[in-house]
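All of the numbers you see were taken from the coordinates with simple rules; none came from a lab. This structure is a prediction, so every number in the text was calculated from the model and none was measured. All Cβ positions, glycine included, derive from the backbone under ideal geometry; neighbour counts span all protein chains shown.
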Amino acid sequence: MGLAFGKQASGWSAQSKKTRLGDLPESCVAMVLMNLDPKDICTMAMLNRAFYGASSADFVWESKLPANYPQILDKIYDDDDNLPVNLCKKDIYASLCGFNSIDNGTKKVWLDKSTGGMCMAISSKGLSITGIDDRRYWNHIPTEESRFSTVAYLQQIWWFEINGEVEFPFPEGSYSIFFRVQLGRTFKRFGRRLCNMEQIHGWDVKPVQFQLSTSEGHRSVSQCFLERPGKWFHYHVGDFVVENSKGPMRVKFSMTQIDCTHTKGGLSLDSVVIYPSVFKGRLKRF
């Protein structure tokens, strides 16, 4: 019996040597990895050499890239001389996930790792703002609270109108647009965040109107009052759907309060953001 047990144990030992994780072919490991999320792929790559090698396979990362990623790359690298050559799909994915500046730095685009959708942020300097060149009404203020390092601050105006337009090859999916706005002007004193609210007025008289339209015929209009001074909020403009990603989609949007019976002021405008609609519940306030 002891001899039999010894033989059985020896068989188990031999079998375990044949089925070690590190002995799996990289092609088989890669087939498994392509079904995981990017974060899990990177975690599994640290197990051993086989997983590390498989984690760099082109077909693994191509499954994580948007179907129209070549068009997105062309948009980001509008100058062919700036387009990196001989990049593997893993490097392309990493490049798209970074904050890529376009249109002279007025916009940033990046690939969301959790959804595979594109995100975009348009700075206040990338928007058409009525009276922006007149310092009696608007000023650009440096701040650490914006990814663009500056925000547009409104002191006082009668005719409030902000328009924006983007043309971009968004991947197929549903997207939502928000204005990132705050009532008040924040600053720091002795390391503390403070907010000057002296110039806030007029936003409780009439609501602000948001509009959205796309080249595919999507349109929406909504209204809301601006509230809660001293905090940044994402005000929902509307949603649009990209059904065909073969070409760029043109998206127009606006934020207006053009009732000239009263002035309004004390508003900070950071940016407009476009996110996959799955984020709407997290960002939407009004």
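Some notes on this structure:
- Label-point separation in nm, GLU172 to ALA67, each point 7 Å along Cα→Cβ: 0.3 nm
- Which of GLU165, GLU243 has the fewest Cβ neighbours within 10 Å, and the rest in rising order: GLU243, GLU165
- Karplus-derived 3J(HN,Hα), 6.51/-1.76/1.60, for each residue of the stretch 135-140, Hz, glycine and proline x: 6, 5, 10, 10, 9, 8
- Database remark: amide H of MET249 closer than 5 angstrom to the amide H of PHE168, PHE170 (H placed geometrically; neighbours at sequence offset of 5 or more, or on other chains; Pro and chain starts carry no H).
- If R0 is taken as 35 Å, the Cβ-Cβ distance between SER220 and LYS188 corresponds to a FRET efficiency of 0.40.
- Near the amide H of ALA57, within less than 5 Å, lie no amide hydrogens of residues on another chain or at least 5 residues away, with H placed in the peptide plane.
- In straight-distance terms, cross-link reach from LYS280 covers every one of the lysines whose alpha-carbon lies under 26 Å from its own, apart from those fewer than eight places away in the same chain; here that gives LYS39, LYS64, LYS75, LYS107, LYS108, LYS113, LYS125, LYS206, LYS231, LYS246, LYS252.
- Vicinal HN-Hα couplings computed from phi for the stretch 173-179 (Karplus, 6.51 cos²θ - 1.76 cosθ + 1.60; Hz; Gly/Pro x): x, 9, 10, 10, 10, 9, 9
- Exposure proxy for PHE233, PHE225: other Cβ atoms within 10 Å of each Cβ, ordered fewest to most, give PHE225, PHE233.
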